[in-house]
Amino acid sequence: MTLKYNWLLTLVLGFLIFPSFLLAQQATVRGFVYEEESGEPAMFSNIFLEGTTFGASSDINGYFLINKIPPGSYTLMVTYLGFDTISVPILLEANKMVAKKFYLNKSSVELETVTISGERIAARTETRTSVVKISPKQIKQIPSIGGQADIAQYLQVVPGVVFTGDQGGQFYVRGGSPIQNKVMLDGMMIYNPFHSIGLFSVFETDLIRTADIYTGGFNAEHGGRISSVMDITMKDGNKKRFAGSIGASTFGARVALEGPLVKQKSPSSGSSSFVLSVKNSYLEQSSKLFYDYIDEDGLPFNFMDVYGKVSINAANGSKVSFFGFNFTDNVNNYKSISDFGWTSWGGGANFVVIPGNSPVLIEGRFAYSEYNSQINSTTLNDRSSSIGGFNGGLDFTYFNGKNELKYGLEVEGYKTEYILTNFVGSKIDQTENTTQIGAYAKYKAIIGKFIIEPGFRVQWYASLAEISPEPRLAVKYNVTNNFRLKFAGGFYSQNLISATSDRDVVNLFSGFLSGPENLPSTFDGEDVTSKLQKSRHAILGAEFDLSRNLSLNVEGYYKYFPQLTNINRFKIYDENNKPPEGASDVETKDFIIEKGQAYGLDLVLKYDYKKVYVWLVYSLGYVERQYEDKYGTLITYNPHFDRRHNVNMIFSYVTGEKKQWEFSARWNFGTGFPFTQVQGFYEHLTFPSGINSDYITENGQLGVIYDDIFKGRLPTYHRLDIDMKRNFFLAANTKLVVDLSITNVYNRKNIFYVDLVTSDIIYQLPFMPSFGLNLYF
């Protein structure tokens, strides 16, 4: 144990000392860019020395650094869409660093040239392969179902993302299941970000600063998952005045507040601020009044989300934030699903440190979170699951001219508990503790027309005594100013596994397990030497700027999963009770090994000009899995999230003298999901008293004879949603937004669930108008 901590201490000290050997001897300018009105960071603003090639973009904290500059007098420019340009003279001296803070004022004139310039600079200087950056403004451009804009609704149009529908709250990313998608909130682990009614997430839209969605090929700073990453950062809060929003609709209500605790009196002084949000659903009650034609008993989808954050900001831009959350979700006795619910809570802190005269940015975080879920069903076996643990990390970013080196450490530890009785009466009960440590480094180099980002991560799973070396690479080639080629790929691993039942047509429940020991000894003719799930990604794409306002992005992807762990749906003997001689691992183990692949093509056509926004997304996807039967034969199947074709069409239009009217529409089409069909039923005798049981008088249970897994296909899914907003500007900082939306305009009967016993069909949401009011101040 002592050796372990000595090793960690040495590594951290090495990370701190390393940049001192790389310091250049030229001049450096660094600082922060903020919005004057709120004090929030002006993310991705452009900072450059006029008449030179020296420049940078601010990060999510508003931070920028430009170094390796020849000494001399310059004019420093700061540009940001929708804000006045800042131009200041600056004198740079050799071996000295100049620190600046800029506060941008909103512009009364919208400059289209700035928009184009900003997009082109980002496209030419970042690899941006398989990543979508989302802001609250973009989330509000699509129809806000239920009168409340939400990232869950926006994610459904992201290329490569598949949702199970209006209800289910699960998302699948380019062949990856929910357990393989890492979700971070301010650096804290979130185990389930979506509610059972799939229209809403746990995140308050108005408090989101930025959300980065990596659908594959992510670089070395992210680890512990084998498919995708969703990294969400919330605002620190308005540092100048008390502000917020209050809203209510036919679905639920919400309030978001922010403001200063200690106001910033001058650019050279510190400050502190807060954000607080509470939102809930009263759909179970309101649906009996407004939507009794759907179900006279109401739609029993209930949730309550609470999030809070306090940030303390130093004068030099360093800061520390403390945050916490409590999320709950309940579905009460809804049709054949019966009762389902989960609770999640957590808290932590993160910080940003700006060292004195070093070109290094230091970021850190530590948090604890917990998630508990259970389902009690009339047709499916009861299950419960819980996971709780901590995660922490340190990240160091060193700026070297236009190039950048980032490296760091990440530590995770958690405990999982899972209880299930499978369909043959065998009980699976597992409790595990696990710890994992990751160390990574990546370097971004701009060489001529190439942007190259090699990375390497070492993931150590301490509880399993396994080390996973994981190389990563991202490359972009700027063929011309209007045409770019890009590539991203790497090796990935994870310890967490899911215990979702493959017998469910739609999965609301997903259990969490970690590194199970009870695995088969061989798979596909080879010894099983690892307990980890693994994948390899390769993404190749191209970006076309077809005109000043029209762009096309094309990406082809391939994900290979050489080892996956799945709950054993074929177990019939308890290994602890002396199974029959010759029984195979498939008949006795709690879990089985699988392998698989996912591949496809995503196309995104985007038009954005003044008041009109059009987005067309088409995804072609194939997902395959293979497992061994009891005879050792590999069986191939398509998992329940395999959707061959997925189409999204979004249209948004703003009109009126003050842009007070907003119209938007979204049409979604998807081919049917696979499901397991039922061949018949029988009386299943459990023999509770063993050989003393009287099978003549015993009352048996209903047994189900299943067809081969996922050989059936649900019908195609399609739906049109529309939304209309009217803005009433009441004062300089106050406006009222009236929102009228319609879900499923033409009342398409999309299947949600089929009762396995009665064959009753439960449909997704039908024609469903909603009305909402939101007051911003």
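Every residue, every condition in (1) assigned to a strand (DSSP E or B); (2) at pLDDT 95 or above; (3) hydroxyl-bearing (Ser, Thr, Tyr), yes or no:
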position: Phe423; (1), (2), (3): no, no, no
position: Glu432; (1), (2), (3): yes, no, no
position: Ala439; (1), (2), (3): yes, yes, no
position: Ile452; (1), (2), (3): yes, yes, no
position: Arg457; (1), (2), (3): yes, yes, no
position: Pro471; (1), (2), (3): yes, yes, no
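If I go through the range 169-199 residue by residue, how many of them are closer than 19 Å to Gly670 by Cβ, in contact with a Lys or Arg (Cβ under 9 Å, 6 or more places away or on another chain) and in a loop (DSSP other than H, G, I, E, B)? Can you show your working first?
The initial filter retains those residues of the range 169-199 that are closer than 19 Å to Gly670 by Cβ, namely 169-178, 181, 194, 197-199.
From what is left, the residues that are in contact with a Lys or Arg (Cβ under 9 Å, 6 or more places away or on another chain) are 172, 174-176, 181.
If we keep only those that are in a loop (DSSP other than H, G, I, E, B) as well, we get 174-175.
So the answer is 2.
What are the residues in the range 442-460 that are crowded, with 19+ Cβ neighbours inside 10 Å and closer than 18 Å to Gly408 by Cα, if any?
Here is the first cut: in the range 442-460, the ones crowded, with 19+ Cβ neighbours inside 10 Å are 442, 444, 451, 453, 455-457, 459.
The answer is Lys442, Lys444, Glu453, Gly455, Phe456, Arg457, Gln459.
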Report summary line: When restricted to Leu730, Leu775, Leu720, Leu736, the only residue among the hydrophobic types (A, V, I, L, M, F, W, C), open to solvent by 70 Å² or more (accessible area, probe 1.4 Å) and outside any loop (DSSP other than H, G, I, E, B) is Leu730
Report task. Go through the range 624-642 and give me each residue that's assigned to a strand (DSSP E or B) and either of a type outside the set (Val, Ile, Thr) or within 23 Å of Ala542 (Cα to Cα) (or both). Result -> Glu624, Arg625, Gln626, Tyr627, Glu628, Leu634, Tyr637
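So which residues in the range 200-216 are assigned to a strand (DSSP E or B) and either within 15 Å of Val306 (Cβ to Cβ) or open to solvent by 10 Å² or more (accessible area, probe 1.4 Å) (or both)?
Ser201, Arg209, Asp212, Tyr214 - these are the residues of the range 200-216 that are assigned to a strand (DSSP E or B) and either within 15 Å of Val306 (Cβ to Cβ) or open to solvent by 10 Å² or more (accessible area, probe 1.4 Å) (or both).
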Query raised in the report: Failed condition for Ser177, given (1) within 13 Å of the chain's Cα centre (by Cα); (2) hydroxyl-bearing (Ser, Thr, Tyr); (3) crowded, with 24+ Cβ neighbours inside 10 Å, with all others met?
Result: (3)
Query - Per-region count, the range 750-766, residues outside any strand (DSSP E or B) and under 29 Å from the mean Cα position of the chain (by Cα) - result: 4
**Report entry** Members of the range 55-76 that are modelled with pLDDT of 90 or more and open to solvent by 30 Å² or more (accessible area, probe 1.4 Å)
**Finding:** Pro70, Pro71, Ser73, Tyr74, Thr75
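Say we look at the range 525-572 and pick out the residues that are in a loop (DSSP other than H, G, I, E, B) and among the small types (Gly, Ala, Ser); which of these is nearest to Ser493 (Cα to Cα)? Outline the logic, then answer.
If we filter the range 525-572 for residues that are in a loop (DSSP other than H, G, I, E, B), which is where we start, we get 525, 528-532, 546-549, 568-572.
Subsequent filtering for residues that are among the small types (Gly, Ala, Ser) retains 525, 530, 547.
Working: Gly525: 22, Ser530: 11, Ser547: 41 Å.
Selected residue: Ser530.
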Report task. State which residue pairs qualify: first residue assigned to a loop (DSSP other than H, G, I, E, B) and inside the range 680-699, second residue among the small types (Gly, Ala, Ser) and modelled with pLDDT under 70 in any location, beta carbons under 9 Å apart, and separation of 6 or more residues or different chains. Result -> Thr686/Gly425; Glu698/Ser689
Query raised in the report: So which pairs qualify, if the first residue must be in the range 240-251 and under 28 Å from Glu35 (Cβ atoms), the second must be open to solvent by less than 50 Å² (accessible area, probe 1.4 Å) and polar (S, T, N, Q), the Cβ gap must be under 7 Å, and the two must be at least 6 apart or on different chains?
Result: Lys240/Ser38; Ser245/Asn774; Gly247/Gln148; Gly247/Asn774
**Report entry** Residue list for the range 533-544, filter: crowded, with 22+ Cβ neighbours inside 10 Å and over 15 Å from Gly600 (Cα atoms)
**Finding:** Gln533, Ser535, Glu543
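Can you tell me how many residues in the range 257-269 are more than 26 Å from Phe325 (Cα to Cα) and either surrounded by fewer than 16 Cβ atoms within 10 Å (Cβ to Cβ) or charged (D, E, K, R) (or both)? Step through it out loud before you land on a result.
Taking the range 257-269 as the starting set, the residues that turn out to be more than 26 Å from Phe325 (Cα to Cα) are 264-269.
From what's left, either surrounded by fewer than 16 Cβ atoms within 10 Å (Cβ to Cβ) or charged (D, E, K, R) (or both): 265-269.
So the answer is 5.
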Report task. Return only the number of the condition from (1) open to solvent by 40 Å² or more (accessible area, probe 1.4 Å); (2) over 24 Å from Leu199 (Cβ atoms) that Gly656 does not satisfy. Result -> (1)
Query raised in the report: Taking the range 198-230, which residues are without any contact (Cβ under 8 Å) to a residue 60 or more places away in the chain and either out of contact with any Asp or Glu (no Cβ under 9 Å at 6 or more places or on another chain) or not hydrophobic (A, V, I, L, M, F, W, C) (or both)?
Result: Gly198, Ser201, His222, Ser228
Requested in this report: Please go through the range 217-255 and pick out each residue that is assigned to a loop (DSSP other than H, G, I, E, B), hydroxyl-bearing (Ser, Thr, Tyr) and within 21 Å of Asn727 (Cβ to Cβ).
Outcome: Thr250
Requested in this report: Determine which member of the set Ser277, Ser321, Ser272 is outside any loop (DSSP other than H, G, I, E, B), crowded, with 18+ Cβ neighbours inside 10 Å, more than 28 Å from the chain's Cα centre (by Cα) and hydroxyl-bearing (Ser, Thr, Tyr).
Outcome: Ser272
Report task. Could you tell me which numbered condition Tyr307 fails, if it satisfies all but one of (1) open to solvent by 20 Å² or more (accessible area, probe 1.4 Å); (2) at pLDDT 90 or above? Result -> (1)
Requested in this report: Collect the residues in the range 129-169 that are open to solvent by 10 Å² or more (accessible area, probe 1.4 Å), within 11 Å of the chain's Cα centre (by Cα) and over 25 Å from Asn61 (Cβ atoms), keeping them in residue-number order.
Outcome: none
Query raised in the report: When Gly556 is evaluated against the numbered criteria (1) over 30 Å from Asn219 (Cβ atoms); (2) modelled with pLDDT of 90 or more; (3) open to solvent by less than 30 Å² (accessible area, probe 1.4 Å), which criterion, by number, is the only one it fails?
Result: (1)
Requested in this report: Hey, can you tell me all the residues within the range 295-304 that are over 25 Å from Thr205 (Cβ atoms) and either touching a residue at least 24 places away in the same chain (Cβ under 8 Å) or open to solvent by less than 30 Å² (accessible area, probe 1.4 Å) (or both)?
Outcome: Asp295, Gly298
Report task. For the range 643-661, state whether one or more residues are in a loop (DSSP other than H, G, I, E, B), under 25 Å from the mean Cα position of the chain (by Cα) and over 30 Å from Thr529 (Cα atoms). Result -> yes
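The values are calculated or read from the model by the stated rules, or taken from the named source; none is laboratory data. In this text the structure is predicted, and so the values were computed from the model without any measurement. We place every Cβ from the backbone using ideal geometry, glycine too, and count neighbours over all the protein chains shown. The accessibility values were calculated without ligands, DNA or RNA, using every heavy atom of the protein model including side chains. Shrake-Rupley method; radii C 1.70, N 1.55, O 1.52, S 1.80 Å.
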